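Only one structure is covered here, and it is reproduced in the block below.
Each reported figure results from applying straightforward, stated rules to the coordinates on display, with no laboratory input. Please read all numbers here as calculations on a predicted model, not as lab measurements. Here the Cβ positions follow ideal geometry from the backbone for every residue, glycine too, while neighbour counts run over all protein chains shown.
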Amino acid sequence: MRIRDTLLLTSIFISASFSSAHAVELDSGDKQVALVELFTSEGCSSCPPADRWLSTLRNDTRLWKSVVPIAFHVDYWDYIGWPDRFAVPAHAQRQRVHREVGNVHSVYTPGFVVAGQEWRGWFRNPDLRLEQQPSAGRLRVKVSKSQLSVQYKPTGLTQSADLELTFALLGMGLNTTVKAGENDGRNLAHDFVVLHTQRWKMQPGADGFVVMEKIRLPRTEAKELAVALWVSETGTQKPLQATGGLLN
């Protein structure tokens, strides 16, 4: 039982492209990997530049090594003429919780949160400079045809810590032709789009913290998929450690 406690075993049912993929192993390393959250909307005229900037991280040498980008599409601009097809209420709620716990000062788009802290510097100079990252413990992931295995061995936390694991399925190379609202007539390209998330309370295991769950994920139009996973203390939404990578 202890051996199994060190793994998160998850059956995944999504597109055929994922089911035929080879096993992918992800390892955060010991230094903290920065989760870069973008809160965006297809109904917001100032968001396309931020979406394009996030897509440039595909060619950044730090991708998946020290930076994990994700795009949460929010629904609170849907009323002005264009309902964002990637938006769900939970994404906007995550942004509101960031404000409630003090990670950001207000709710707006485009809005960036880097390693749990608001990043307004993007508007002045969109050059992501990371401070020397502290030791945060290792987050190890193995994604195969039908299983997801995860183990987190933190640095500086006791076994009594209250931790949660979040799993996000990301869509790459997505496009939308907008036919109404502030972006009427534009073709919008998106990467790192959060298509599905699940969260679990982590339990202390024989060697770190673990979760054991079964999940079903939705099918998606994305021809290229990625995953992002991060661990945070319950109630803070501030990532302690993150990792991610392409699935196919």
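Here are the numbers for this structure:
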{"quantity": "The range 175-239 - Rg (one decimal) and Dmax (whole number), Cα, Å", "calculated": "17.6, 55"}
{"quantity": "Likely footprinting exposure, Y79, Y108, Y152, fewest C-beta neighbours within 10 Å first", "calculated": "Y79, Y108, Y152"}
{"quantity": "Nearest 10 degrees, 0 to 90: helix 89-100 Cα axis against the chain principal axis", "calculated": "80"}
{"quantity": "Relative packing of 129-136, 187-194, which averages over residues the other C-beta atoms within 10 Å, highest first", "calculated": "187-194, 129-136"}
{"quantity": "Reciprocal mean inverse distance between Cα atoms of the chain - Kirkwood radius, Å", "calculated": "18.5"}
{"quantity": "Residue exposure sequence - F123, F72, F86, F167 - by fewest surrounding Cβ within 10 Å", "calculated": "F123, F86, F167, F72"}
{"quantity": "Per-residue Cβ neighbour rank within 10 angstrom, fewest leading, V68, V143", "calculated": "V143, V68"}
{"quantity": "Percentage relative contact order, the range 2-246, counting C-alpha pairs under 8 Å, at least six apart", "calculated": "31"}
{"quantity": "All-pairs Cα distance distribution in the range 97-173, expressed in whole percent, bin size 5 Å", "calculated": "3, 9, 14, 16, 20, 18, 13, 5, 1"}
{"quantity": "Set of aspartates and glutamates with alpha-carbon distance to K214 below 17 Å, sequence-local pairs under 8 removed", "calculated": "D5, E164"}
{"quantity": "Cα-derived Rg over Rh, computed across the range 66-142 with Rh taken as Kirkwood radius", "calculated": "1.02"}
